[in-house]
Structures are given as structure tokens and as C-alpha cells.
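Each value in this text was obtained by applying a stated rule to the coordinates, not by laboratory testing. Bear in mind the structure is a predicted one, so any value in this text is a computation, not a measurement. Note that we place each Cβ from the backbone using ideal geometry, even for glycine, and neighbour counts take in every protein chain shown.
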Amino acid sequence: MTVTADKPEAAARGWDPLAAGSANLFWAKIGGNGGYFIAVLIVARGLGPAGRGTVAFITVAALVVAHVSGLGVGEATTVLSARHPARRPALLANALGFFLGSGMTAATLAFLGLALTGIQPAGVGTPELVILWLGIVFCAAGEAGYSFLVGVERLRQLAFITGCASWVYAGLVFVLWAGPGLTVGRAALAWTATEALRAIVLIALSSRGTILGLPDWKLLADEIGFGLRLWVGSLARFLNFRTDQILMGFIATEAALGFYAVAVNVSEVLLYLPSSAATALLPLIARTEPARRGEETLRAFRSVIFVTAAGVAVAALLGPVLLPVVFGDAFDESIIPFLWLLPGTFGFAASALFSNALVGSSSPGLSSLGPMVSLLVGFALDLTLIPPFGATGAAAAASVAFLVGGTAALLTYRRISPFPWRAILVPHRGDLDVLAALAGPFRRLRPRREPA
């Protein structure tokens, strides 16, 4: 297998690929979140809670529809690219063709469905629906490049794109705010333009390392077959982040959605390490011999839970103070939903890591159980709690859903790869590799001592 750009750095510093990949993606998301945070702040202050809620509906709907149209082919591309280097040219061609076709089809159906039924929020008209159509297509195209880069473990390049894209969005929003003025349509268009640029760069980078081949229809059928077995879980995992905001667009006020969207945007920082580790874990497990897969998975889980617990404690202390200071007094009502979201971080970590470990272990069907449990529990609780409690009800529902789903994913993985319960939390050698890799950028900032 070809050595990727990530591995030499990991080897030079004594880190394994999981630690290096997790750290690269984590810091990229932190850096990227800085840009996205600036963009959200400008939109929230410029448009208020109602306008922020409408923009959130457009962007979330685009992400959801694009992911639904993928049918699990993205995850199949990742796994097969990791296992079969010789088939990468055809896998890349298949991914590009499939995602462009499925994205345009899904975008057209979503446009017609919302336009003909008129069930979209009040602030979404025909221009916003056109922006939504474009957003779906570009998100789907970007998924092709993203999935392939993960499969070939070019995580440093992926991290760089992740870190930069949101700053482009922030720059566009700032120019609009400082110039012609910020509106819902313009803010949504800035986000869509950023997704278009991201997709172009991801596809270009995928093509640089691999000569684009011809589509292989038999291989694509195999990918769809593999993908459909995990698509339900992959879709459920994705919807767990987005369904509550879409539901609030229909059954709550735009202001309530705005409060909740801000709470989610801030709390999502705590999910970056678990999601980064899960992304790095998938190709690693796919190419690891079965006897060592359980060891790698549990090591990743212990490392992530340790760092996540520390992050949750800091967020609980600082979040209530900083939220109104940064976003303004108009968003005071985001504080309680933010605190309710924190416990769900642990459930998300378990669900993301163990579900991806199941996919990499050739159990795509079982990988769907944890995310599906989260989605069903969350949906039921959303319908029950959002009408009377608004944003706070949505946050409580999200936390309970993640905790229940994470438990289900853990129990499912333990069923196919038995381990003693103490192995979950008892420290082992190598557990701090991820922490050491996370500290890598700060070590490089320390001044070197001159020899005496």
C-alpha cells in the first residue's frame, strides 16, 4: 500500500496513524470553526434570531438532502479505497459520477417538493429555494472527493481544506455585511459559494494523487450494495445533527431556531475530536488484521473520552459567561440549551467510534443500530419537548438520544468483538498518543534552546 503524506510525520514524532490523523483533522476543525464562528456571529448579529434561523434551515436542509442522496456510497468508497489501492481510479470515477447524478436528482425533488407544497418557513421563497438547489448539488459533489481522500488516508490535505473553507465563508459574509448589506438570501448564497469552492478543491486533490479511470458499473453495483447496508446508519448519524433544526423550522418559531442554532454551533466544538478520531479510525480498521481491530478501537475510545471529559468540564464553566458576551444579550436564551447539549457529547463519541469500527470490520448493517436508535429516540423526544420547551426541549432531546444511541453502538460492538468492561476506561499504554499529537502544534511553537 502506498505510504501517505500523514504517515511520515506520525513516524517522525512517534505517533501512530490514528493519533496523527485525529490530531490533524481536530485542529483543522478548530481552525475552521474559528472562521465559521465569525460567520455565524456576523449573521446572528446582522439578521437577529429569526434571520439566523432561516439561514440555518437552508444550510441544514442542503446538507441533509445531499447526504440522503448518497445511499452510503461515500462510506463504501472510503472502505474499498483503503482495502484495494489498485481499484482507486475506478472508485474515484464511480464516486464523481454517482454523487453528481444523485445530487442533482435529489436537489430537483427537494426544490419541487418545497415549491409545490409551500411548507417551507416564511422566510424561504423562490430565490432561497434556488440557492438550496445549488447547495445540495455542491455538497453532494464535495462528498465524492471527501470520501476518497479519507479512504486513501490523505488526512493532512483534507484537514487543510476543512480548516480553510469556513474562513472563505466568513470573508464573504463580512464583505456582504460591510458592503451591500446582509440578507437571508445573500448569507445563504455565501455559504453555497463556499461549498462549491470546497467541492472543486476536494475533487482536484483527489485527482492529483490518483489518475482518474473509467467508471466500473459492476464495481459501482458492489459499492451501492455495500453502501445500502450501512446507509441507514450513516443517514441516521447525519440526521441526528440536523433533524431537530429542520423540525424546529416547522413546529417552532424562527427565533427559537435561532437560539438553538447558536447553542449547537458552539457546543459542536466538543464533537470535533470524536468525529476526527472516527474518521481516522475507519480506514485504519479496514486495513488492520481482525485480531487487532478491537485493540485499536478501544484505544481510540479511551483516548477520546479522556479529552472529551476535560472539554465538557471547561465548556460548562465558561459557556454561560461567554455566550451572551460574544453573541449579545439577544441570545441569552441560548445558554440553557447549550448546557443541556453537553452530556450528549459522550454518547456521540461512543456512537461515532464504535459505528465506524463496525463498518471497518465488514459489519455495515450492525453499524446502523446505534445511529438509528439515536434518531428514533431523538425524533420522538423532539415532537414531545420542542412545542412546550422550544430550544431547551430540542437540546435535552438531543443529549438523551446521543447517550442512548452511543450505548447501543457500544453494546453492538462488544457483541461481535467481546472485551471486558474494564477495558473501556482502564488506561493502557499508547492511550495518550492522541493527546501528544494534539499538543504537537504547541511543541513546535516552543523556542529551541541554544547549546551551551
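In nanometres, what is the gap between the two model label sites at ASP329 and ALA310, each 7 Å from Cα along Cα-to-Cβ?
So the label points at ASP329 and ALA310 sit 3.8 nm apart.
Highest mean first, what order results for 99-110, 142-153 on Cβ atoms within 10 Å?
The most tightly packed comes first, giving 142-153, 99-110.
Before anything else, pin down the relative contact order of segment 113-228: Cα pairs under 8 Å, at least 6 apart, normalised by residue count, whole percent.
36 percent
Take the Cα atoms of the chain, find their three principal axes, and give me the spread along each one in whole Å, biggest first.
Here the Cα extents, ordered largest to smallest, are 54, 54, 52 Å.
Please sort through the DSSP H helices of the chain and keep those with an alpha-carbon extent of at least 30 Å along the long axis and a Kyte-Doolittle average not below -0.5.
Sorted by number, the helices that extend far enough and score high enough are 17-68, 88-117, 126-151, 155-178, 184-209, 217-251, 290-327, 369-416.
Can you tell me the Rg and Dmax of segment 237-341, counting just the alpha carbons, in angstroms?
17.4, 55
Ranking CYS164, CYS139 by Cβ neighbours within 10 Å, fewest first, what do you get?
Lowest to highest Cβ neighbour count: CYS164, CYS139.
Given a cut-off of under 8 Å on Cα pairs at least six residues apart, what relative contact order in percent is computed for the chain?
Relative contact order for the chain comes out at 23 percent.
Could you give the size of the charge dipole of segment 6-440 about its Cα centre, using +1 on the Cβ of each K and R and -1 on the Cβ of each D and E, expressed in debye and rounded to the nearest 20? Intermediate values should be presented prior to the final figure.
Values: 26 positive and 23 negative charges, 192 e Å.
Its charge dipole is roughly 920 debye.
So what's the back-of-envelope 222 nm ellipticity for the chain, counting only DSSP H runs of four-plus at -39500 (n - 2.57) apiece and dividing by all residues, rounded to 500?
Helix-only estimate at 222 nm: -28000 deg cm²/dmol.
Length gain on complete extension for the stretch LEU425 to ARG83, per 0.36 nm per residue less the alpha carbon to alpha carbon distance?
120.1 nm
Within a Cβ distance under 14 Å of PRO324, other residues only, what is the Lys/Arg minus Asp/Glu net charge?
Here the count lands on -2.
Just rank ARG88, ARG237, ARG414, fewest to most, by other beta-carbon atoms within 10 angstrom.
Neighbour counts put them in this order, fewest first: ARG414, ARG88, ARG237.
For the residues LEU158, LEU317, LEU410, LEU322, what sequence is obtained by ranking on other C-beta atoms within 10 Å, fewest first?
LEU317, LEU322, LEU410, LEU158
Once fully extended, how much extra length lies between LEU228 and LEU109, figured as 0.36 nm per residue of separation less the alpha-carbon to alpha-carbon distance? Could you put the intermediate results ahead of the total?
Details: separation 119, 0.36 × 119 = 42.84 nm, distance 2.05 nm.
Full extension from LEU228 to LEU109 adds 40.8 nm.
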